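Here's the structure we're looking at; comments come further down.
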Amino acid sequence: MKKIYVFIFTTIILSIFSSCSIQQMAYNAIAPLPEVQYKAETKSKKNADANPLLAFTGESDVQLVADAFPVLLKGIEMLYFNNKKHRGIAVMAGQLYIMYANAFVERPASQLSDDFYDEKYAGLMRAKKFYLRGSEYALQALEEEYSGFLKAVFDENEEIAMSAIKRLRIHNVETIYYGASGILAAFALEPMDPDILEQVSGARLMLERATELRPDYNDGALWEVLTSFYGAAPEYLGGGMDKAEYAYKNALEYSRGESPSTYVTYAKTFCVPAQDGKAFENALKKALSIDPDARPETRLMTILSQNDARWLLEHKSEFIYE
């Protein structure tokens, strides 16, 4: 973990005080442009494993990462504000804010008892703020690559939005994932916010385009987000349980049944509305049966999802009224 700190702050110093050529090299080292990163990932697993964020995503000590994350966030933001046109840094800033909001802000807040309503609500609204901030960073990278994208993609006319979305290419999928999922996560926390509501359709369409371009991205992560959205959103926003079931099947297929978060999503999206206690327990037990060390690069998220599964099982009576 110490190495990544040194790397980041060395990069910050270089970016501020060095010549343009050295500055660009430093930026590209810590956050390659999306098209470069995609080529590296598809060229060989060795290149994909060179991602410095593995120091966080592969960690087994959740508290250690929670304590370190804010420093990393502000370090990347310093780089972004020094060069707002660097798309790789914008994407990384978006990724980190959304990861932080999900893992270390929304999770603990959502598990607070309603006896602590004010604290719980404040935590969820803080998570919402970070989701939107992360989404804004990621979407700025798309705007930098495709001028006029943001205005078009959130136009109330779906044909205009789709004309913008069709410009997106396979190397944009990671950027789409963070840009769109941040909006939908914020929407889930406060669905009556009119500003977010205006962006929901565009976010959904972006994710659906991403599933066409790279359906296996991050072992089914796109489909998992869509499962939650389809299952909760009304039909006029593009939701529906038939769509949710289709998305879940794809999430399960592309994760090969090795992602505990897929089973947690199933329990919350399908078992709770159906009040199916047996299926609820079975899904969460499947999540807990997965070995976090089987996939070291996703160890942190596996542990976090399994913590969610344990909490849901312990609080089953709050979700399944038998």
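The values are calculated or read from the model by the stated rules, or taken from the named source; none is laboratory data. Everything quoted here is computed from the prediction, not taken from an experiment. Reconstructed Cβ throughout: ideal geometry from the backbone, glycine too, with neighbour counts over all protein chains shown. Just the protein is used for accessible areas: all its heavy atoms, side chains included, with ligands, DNA and RNA removed. Shrake-Rupley method; radii C 1.70, N 1.55, O 1.52, S 1.80 Å.
If you take the residues in region 278-289 that are over 19 Å from ALA103 (Cα atoms) and of a type in the set (A, V, I, L, M), which one is surrounded by the most Cβ atoms within 10 Å (Cβ to Cβ)? Talk me through it step by step, then tell me what you get.
First, the residues of region 278-289 that are over 19 Å from ALA103 (Cα atoms): 278-283, 285-286, 289.
Those still in the list that are of a type in the set (A, V, I, L, M) too: 279, 283.
Working: ALA279: 16, ALA283: 23.
Selected residue: ALA283.
Got a number for residues in region 147-177 being surrounded by fewer than 19 Cβ atoms within 10 Å (Cβ to Cβ), among the hydrophobic types (A, V, I, L, M, F, W, C) and either touching a residue at least 60 places away in the same chain (Cβ under 8 Å) or within 16 Å of TYR38 (Cβ to Cβ) (or both)?
Number of matching residues: 1.
If you scan region 201-236, which residues turn out to be within 21 Å of LEU139 (Cα to Cα) and of a type in the set (A, V, I, L, M)?
Within region 201-236, ALA203, LEU205, MET206, LEU207, ALA210, LEU213, ALA221, LEU222, VAL225, LEU226 meet the criteria.
Does any residue of region 241-256 turn out to be over 22 Å from TYR217 (Cα atoms) and hydrophobic (A, V, I, L, M, F, W, C)?
yes
List every residue pair whose Cβ atoms lie under 7 Å apart, where the two residues are 6 or more positions apart in sequence or sit on different chains, the first residue falls within region 124-137 and is basic (Lys, Arg), and the second residue, located anywhere, is modelled with pLDDT of 95 or more and outside any helix (DSSP H, G or I).
LYS128/GLU190
Given the structure, is SER135 open to solvent by less than 30 Å² (accessible area, probe 1.4 Å) and out of contact with any Pro (no Cβ under 9 Å at 6 or more places or on another chain)?
Details: open to solvent by less than 30 Å² (accessible area, probe 1.4 Å): yes; out of contact with any Pro (no Cβ under 9 Å at 6 or more places or on another chain): yes.
Yes.
Answer yes if at least one residue in region 207-218 is open to solvent by 10 Å² or more (accessible area, probe 1.4 Å), at positive phi and modelled with pLDDT under 95, and no otherwise.
Looking for residues that are open to solvent by 10 Å² or more (accessible area, probe 1.4 Å), at positive phi and modelled with pLDDT under 95, one finds at least one in region 207-218, hence yes.
Go through region 168-185 and report how many residues are assigned to a loop (DSSP other than H, G, I, E, B) and closer than 15 Å to GLU208 by Cβ.
Number of matching residues: 1.
Condition check ((1) of a type in the set (Lys, Arg); (2) surrounded by 20 or more Cβ atoms within 10 Å (Cβ to Cβ)) across all residues:
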{"residue": "GLU224", "(1), (2)": "no, yes"}
{"residue": "LYS249", "(1), (2)": "yes, no"}
{"residue": "GLU258", "(1), (2)": "no, no"}
{"residue": "THR262", "(1), (2)": "no, yes"}
{"residue": "THR265", "(1), (2)": "no, yes"}
{"residue": "CYS271", "(1), (2)": "no, yes"}
{"residue": "ASP276", "(1), (2)": "no, no"}
{"residue": "ARG295", "(1), (2)": "yes, no"}
{"residue": "ASN307", "(1), (2)": "no, no"}
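Determine which member of the set GLY240, GLY277, GLY257 is over 30 Å from GLU156 (Cβ atoms) and more than 21 Å from the chain's Cα centre (by Cα).
Values: GLY240 fails: over 30 Å from GLU156 (Cβ atoms); GLY257 fails: more than 21 Å from the chain's Cα centre (by Cα).
So the residue among GLY240, GLY277, GLY257 that is over 30 Å from GLU156 (Cβ atoms) and more than 21 Å from the chain's Cα centre (by Cα) is GLY277.
For GLN111, are the conditions met, namely being over 22 Å from ALA180 (Cα atoms) and touching a helix residue (DSSP H, G or I) at 6+ places or on another chain (Cβ under 9 Å)?
Working: over 22 Å from ALA180 (Cα atoms): yes; touching a helix residue (DSSP H, G or I) at 6+ places or on another chain (Cβ under 9 Å): yes.
It is true that GLN111 is over 22 Å from ALA180 (Cα atoms) and touching a helix residue (DSSP H, G or I) at 6+ places or on another chain (Cβ under 9 Å).
In this structure, is ALA188 modelled with pLDDT of 95 or more, surrounded by 24 or more Cβ atoms within 10 Å (Cβ to Cβ), of a type in the set (Gly, Ala, Ser) and part of a helix (DSSP H, G or I)?
On the way: modelled with pLDDT of 95 or more: yes; surrounded by 24 or more Cβ atoms within 10 Å (Cβ to Cβ): no; of a type in the set (Gly, Ala, Ser): yes; part of a helix (DSSP H, G or I): yes.
In short, no.
Among the helices (runs of 4 or more DSSP H) confined wholly to region 54-120, which include 3 or more residues that are touching a Gly at 6+ places or on another chain (Cβ under 9 Å) and buried (at least 22 other Cβ atoms within 10 Å of the Cβ)?
Once the helices (runs of 4 or more DSSP H) in region 54-120 are filtered for at least 3 residues that are touching a Gly at 6+ places or on another chain (Cβ under 9 Å) and buried (at least 22 other Cβ atoms within 10 Å of the Cβ), what remains is 87-100.
Quick check, is LEU189 among the aliphatic types (A, V, I, L, M), more than 27 Å from ALA40 (Cβ to Cβ) and out of contact with any Pro (no Cβ under 8 Å at 6 or more places or on another chain)? If you could, list the steps in order and put the result at the bottom.
Working: among the aliphatic types (A, V, I, L, M): yes; more than 27 Å from ALA40 (Cβ to Cβ): yes; out of contact with any Pro (no Cβ under 8 Å at 6 or more places or on another chain): yes.
Answer is yes for this residue.
Find the residue count for region 310-322, including only residues that are open to solvent by less than 40 Å² (accessible area, probe 1.4 Å) and part of a helix (DSSP H, G or I).
Filtering region 310-322 down to residues open to solvent by less than 40 Å² (accessible area, probe 1.4 Å) leaves 312, 316, 320.
If we keep only those that are part of a helix (DSSP H, G or I) as well, we get 312, 316.
Number of matching residues: 2.
Quick grid of which residues meet (1) β-branched (Val, Ile, Thr); (2) within 27 Å of TYR236 (Cα to Cα):
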site: GLY134; (1), (2): no, yes
site: TYR146; (1), (2): no, no
site: ILE160; (1), (2): yes, yes
site: ARG167; (1), (2): no, yes
